[in-house]
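Engineer: I am attaching a structure below and will ask some questions about it afterwards.
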Amino acid sequence: MIELIRADQYTKMLWKNGAGFTLEIARSQGEADFDWRISMADVTTSGPFSLFPHKQRIISVLDGQGMVLHVDDLPAKTLNQGDIFAFHGESQVQSELVNGAIRDLNLIYDPAKFHARFQRVDGTEAQTFLSSADLIFIFNSGSAAEVEIEEKAFLLAAHETLKIEKNTDVTSVHFTQTQAKSCYVIELIQR
């Protein structure tokens, strides 16, 4: 099954720590707590991240000048636009904005239930990959992008997401040759 999720369908919700808002793009269904969630957030001030015990987090900066993350006792990690970084949900994380507000893309998932891959696809050349993931999400962070799934074409506007639920052993995903594209591909594989 393939579903186009438009930006106006995202659910706005308060951060767990109450310091801001997130736009929830998609999440696992039927759970009081989620097994996975994909969201986008505008971060306007430096400060602590919410805690998500027993979860894994992956984050990328979509817009803005970036941020520095201080995770537990690890060396500081600078995230510029397009950089991807993974850390534990129970980690103590303090963010420091580099030069003003940013927008980020987040995946939070239960590593006991899922493997995850989070990657960026950009450029103008055609690109194809095969996936055996149970769920594939393609988030368009740039201008319009065309994606073919099993030879069916979809046009994604800025900040729209394509959700693909596995219905075959392997799914073919093809990014056509177009003007510059900037998309994220998130794959979730059940353990």
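Engineer: On a 1.4 Å probe surface of the protein chains, which of 150, 160, 165 comes out largest in accessible area, and what is the full order? Show your work: numbers first, answer last.
Structural biologist: Details: 150 95, 160 25, 165 65 Å².
These residues rank, largest area first, as 150, 165, 160.
Engineer: Using a 1.4 angstrom probe on the protein heavy atoms only, could you order 84, 138 from most to least accessible area? If you can, show how the numbers build up before the last one.
Structural biologist: Details: 84 65, 138 0 Å².
Ranked from most to least accessible, the order is 84, 138.
Engineer: So what is the relative contact order of the stretch 60-141, in percent, for Cα pairs below 8 Å that sit 6 or more residues apart? List each step's numbers first, then the result.
Structural biologist: Values: 96 pairs, mean separation 26.0, N = 82.
Averaging sequence separation for qualifying contacts and normalising by length gives 32 percent for the stretch 60-141.
Engineer: Got the relative contact order for the stretch 1-109 handy, in percent, Cα pairs under 8 Å and 6 or more residues apart? Each step should come with its number before you reach the end.
Structural biologist: On the way: 251 pairs, mean separation 32.4, N = 109.
Value for the stretch 1-109: 30 percent.
Engineer: Please arrange 122, 8, 110 by accessible surface area, largest first, computed with a 1.4 Å probe and ligands excluded.
Structural biologist: From most exposed to least exposed: 8, 122, 110.
Engineer: Lysines within cross-link reach of residue 152: Cα-Cα under 24 Å, excluding same-chain residues under 8 positions apart?
Structural biologist: The reachable lysines, counting only those whose Cα sits under 24 Å from residue 152, are 163, 166, 181.
Engineer: Looking at the chain as a GNM with Cα springs under 10 Å, which of 130, 79, 162 has the largest mean-square fluctuation?
Structural biologist: Judging by the Gaussian network model, the answer is 130.
Engineer: Still on this model: Net charge near residue 101: determine it from the other residues with C-beta under 11 Å of the C-beta of residue 101, scoring Lys and Arg +1 and Asp and Glu -1. Numbers along the way, then the final one.
Structural biologist: On the way: positive: 103; negative: 42, 63, 104.
Taking every Cβ under 11 Å from that of residue 101, the sum is -2.
Engineer: Counting pairs of alpha carbon atoms under 8 Å apart in space and at least six apart in sequence, what relative contact order in percent does the chain give?
Structural biologist: Working: 489 pairs, mean separation 43.4, N = 191.
23 percent.
Engineer: Taking the Cα centre of the stretch 1-149 as origin and charging only Cβ (+1 Lys, Arg; -1 Asp, Glu), how large is the dipole, in debye to the nearest 20? Let's see the in-between values first.
Structural biologist: Working: 12 positive and 20 negative charges, 44 e Å.
So the magnitude is around 220 debye.
Engineer: Right, next: Please check: in the Gaussian network model of the chain (C-alpha springs, under 10 Å), which one of 89, 66, 100 has the largest mean-square fluctuation.
Structural biologist: 100
The values are calculated or read from the model by the stated rules, or taken from the named source; none is laboratory data. If you're wondering where the values come from, they're calculated on a predicted model, not measured in any experiment. Note that we place each Cβ from the backbone using ideal geometry, even for glycine, and neighbour counts take in every protein chain shown. Surface areas here come from the heavy atoms of the whole protein model, side chains and all, with no ligands, DNA or RNA. Shrake-Rupley method; radii C 1.70, N 1.55, O 1.52, S 1.80 Å.
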